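The values are calculated or read from the model by the stated rules, or taken from the named source; none is laboratory data. All values reported here derive from a predicted model rather than from experimental measurement. Heads up, the Cβs are rebuilt from the backbone with ideal geometry, glycines too, and the neighbour counts pull from every protein chain shown. Please note that ligands, DNA and RNA were not included when accessible areas were found on the heavy atoms of the full protein model with its side chains. Shrake-Rupley method; radii C 1.70, N 1.55, O 1.52, S 1.80 Å.
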Amino acid sequence: EKSELFGINVFKLREIVPMPTLTKAAGMASPMMGIANIRGEIIPVIDLPSIVGCVPKTGLNILLVTEYARSTQAFAVESVDDIVRLEWSQVLAADAGVKSRNITSIARLDNDSASNRLALVLDVEQILYDIIPANRNVQIDTEKTKAFQLKPGSVAIVAEDSKVARSMLEQGLNMMNIPAVMHITGLEAWNKIKKMADEARAEGVPISDKIAFVLTDLEMPEMDGFTLTLNIKRDEFLKNIPVIIHSSLSGSANEDHVRKVGADAYVAKFEVNELEAAIHSALDSKKAINA
């Protein structure tokens, strides 16, 4: 009998440890299990099977310690089946096929397109948003903000597979008075960019008349943010489009990779004032180059 198989991006995973002794704080309710002291760091522990509706047969034996969206938390699971390296083409958007707010995509674990060895990729942003108290209001510091000078008719192209992240980005961009076209995958955004590029060429105008900038997540089904950025920067007609990467993946290695693919700015999820500053920085740098 096969067990339910779920996945998260390994770049979010800091370590895997055996289940330690947990301390349950007063008022803490499921799916929060308690807190663990892991080498002096106090980390909240979340019962992951209960969130996805599974009952582990042998109990919760392992903690997945993750660093995600500026926070550290641990997910209790029954077991770890495998660590696999996949092409993003093996990861398909799940919006049309899976009716769960906690699933963002479906990963095919073998290169064989006929294989039925699949894993449901969890939308960890949605899970954390639902269960960990936080200030969910997207508010811009109006004393520090300044207006964006965008060409009339130009829009931001946004690629983000997490439903909750898309919603927060839409709120933030609306507050900045930036019109945006939202996409679930990098491939979907890339196809839209190519279509708008064809329209710009046919009209004899620069791509900046159509696209103000691209705002992309890194990890997405079908095409990731690194590949999307490379596609833009390697195209002579598109290369001057400012690209801002907005990701829950933190760390200097990821920021170095962002620079290597030619992105114009990087900001960690989710603080709207830092996002606004990153967009201004990317747009201003392009103006300086074109001046």
**Residue-by-residue Karplus 3J(HN,Hα) for region 262-268, coefficients 6.51, -1.76, 1.60, Hz, glycine and proline x** = x, 5, 8, 7, 9, 9, 7
**Request:** Given the peptides 224-233, 29-38, arrange them by the average over their residues of other C-beta atoms within 10 Å, most packed first.
**Result:** 224-233, 29-38
**Asked** Of all DSSP beta bridges located in the chain, what percent are antiparallel, nearest 5?
**Response** 55 percent
**Asked** What shape does region 1-85 take by its C-alpha gyration tensor, where a ≥ b ≥ c are the square roots of the eigenvalues and a/c under 1.5 counts as rounded, a/b above b/c as prolate, and the rest as oblate?
**Response** oblate
**Prompt:** Taking the Cα centre of the chain as the origin, how large is its charge dipole in debye, to the nearest 20, when only Lys and Arg (+1) and Asp and Glu (-1) carry charge on their Cβ atoms?
**Reply:** 340 debye
**Asked** Which of 215, 275, 150 moves most in a GNM of the chain, Cα contacts under 10 Å?
**Response** 150
**Asked** Just the accessible area per residue of the chain, please: how many Å² with a 1.4 Å probe?
**Response** 51 Å²
**Request:** Choose one answer from 260, 192, 57: the residue with the largest mean-square fluctuation in a GNM of the chain with alpha-carbon springs under 10 Å.
**Result:** 57
**Item:** 190, 88, ranked by accessible area, largest first (probe 1.4 Å)
**Value:** 88, 190
**Prompt:** Which of the trypsin sites (Lys or Arg not before Pro) found in region 8-55 are in a DSSP loop and have at most 12 neighbouring Cβ atoms, other than their own, within 10 Å?
**Reply:** 24, 39
**Message:** Under 8 Å for C-alpha pairs, at least 6 residues apart: give me the relative contact order for the chain, rounded to a whole percent.
**Reply:** 14 percent
**Message:** What do you get for GluC sites (Glu not before Pro) in region 1-71 restricted to DSSP loop and a cutoff of at most 10 other Cβ within 10 Å of the site's Cβ?
**Reply:** 1
**Prompt:** region 27-91 to region 167-228: how many Å between their Cα centroids?
**Reply:** 33 Å
**Message:** Apply the Karplus curve 6.51 cos²θ - 1.76 cosθ + 1.60, θ = phi - 60°, to the phi angles in region 225-231 and return the couplings in whole Hz, x for Gly and Pro.
**Reply:** x, 4, 5, 4, 5, 4, 4
**Asked** Once the other residues with Cβ under 11 Å from the Cβ of residue 49 are scored (Lys, Arg +1; Asp, Glu -1), what is the net sum?
**Response** -2
**Asked** How much solvent-accessible surface does residue 187 expose, in Å² to the nearest 10, with a 1.4 Å probe and all protein chains in place?
**Response** 60 Å²
**(i) 0.94; (ii) 1.00; (iii) 0.97, with the label sought being that of the calculated Rg/Rh (Cα atoms, Kirkwood Rh)** = (ii)
**Rounded percent of accessible protein surface that carbon and sulfur make up, the chain, 1.4 Å probe** = 51 percent
